[in-house]
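The numbers here are math on the coordinates, done by the rules we state, and not lab data. Bear in mind that the values here come from a model prediction, so they are computed numbers and not experimental data. Positions of Cβ are backbone-derived with ideal geometry, glycine not excepted, and every protein chain shown enters the neighbour counts.
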């Protein structure tokens with residue numbers, strides 16, 4: 001009977017290769033500094049190339065032990081990115097005027113975190129999508145351009161998601 005319990009205990013405690021989400025180490029222990037240079041951009045929305053790296057850097061600083069440095073040559077890892085696609089389109093129209101009253105923005109990014117010393121890819125998302133909706137005033141006198149604020153909100157949300165997926169190995 002002891003032999004049966006010993007075998008059962010050995011089987012239950014043996015490693016099966018699975019791990020709990022959020023427990024894997026994507027970034028090696030040798031990485032202490034991360035550089036996040038300005039993102040490349042093939043779209044006409046230039047502000048995204050500033051907003052996204054800044055938001056991701058703030059998120060790394062506030063949530064992790066990694067130091068964010070400005071010089072990629074002085075960093076242990078470099079997070080490079082590019083804005084590949086920017087589209088915006090109306091989603092709701094005012095029935096009285098026929099004017100758009102809500103717009104949705106879709107942005108596609110390429111993200112790649114590399115360990116500088118080895119060139120090893122630590123994190124890669126070739127088609128990361130971010131989305132944001134915002135309202136437009138239908139009164140032309142009260143019109144306020146909301147797209148920049150929507151992109152800032154989307155950048156903050158994207159930064160949280162990117163840092164979480166890097167830290168949690170998803």
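Please work out how much length the chain gains when fully extended from residue 64 to residue 86, using 0.36 nm per residue of separation minus the C-alpha to C-alpha distance, in nm with one decimal.
Stretched fully, the residue 64-residue 86 segment lengthens by 5.0 nm.
Calculate, in nm to one decimal, what residue 73 and residue 93 gain on full extension: separation in residues at 0.36 nm each, minus their alpha carbon distance.
2.2 nm
Using the 10 angstrom Cβ neighbour count as an exposure proxy, how do 132, 54 rank, fewest first?
Final ranking by Cβ density, sparse to dense: 54, 132.
Could you give P(r) for region 26-170, binned at 5 Å from zero, as whole percent values over all Cα-Cα pairs?
Using 5 Å bins, I get a P(r) of 2, 10, 18, 21, 16, 12, 8, 6, 4, 3, 2, 1, 0 for region 26-170.
Sorted by mean Cβ packing within 10 Å, highest first, what order do the peptides 101-110, 153-162, 88-97, 39-48 take?
Ranking the peptides 101-110, 153-162, 88-97, 39-48 by packing returns 153-162, 101-110, 39-48, 88-97.
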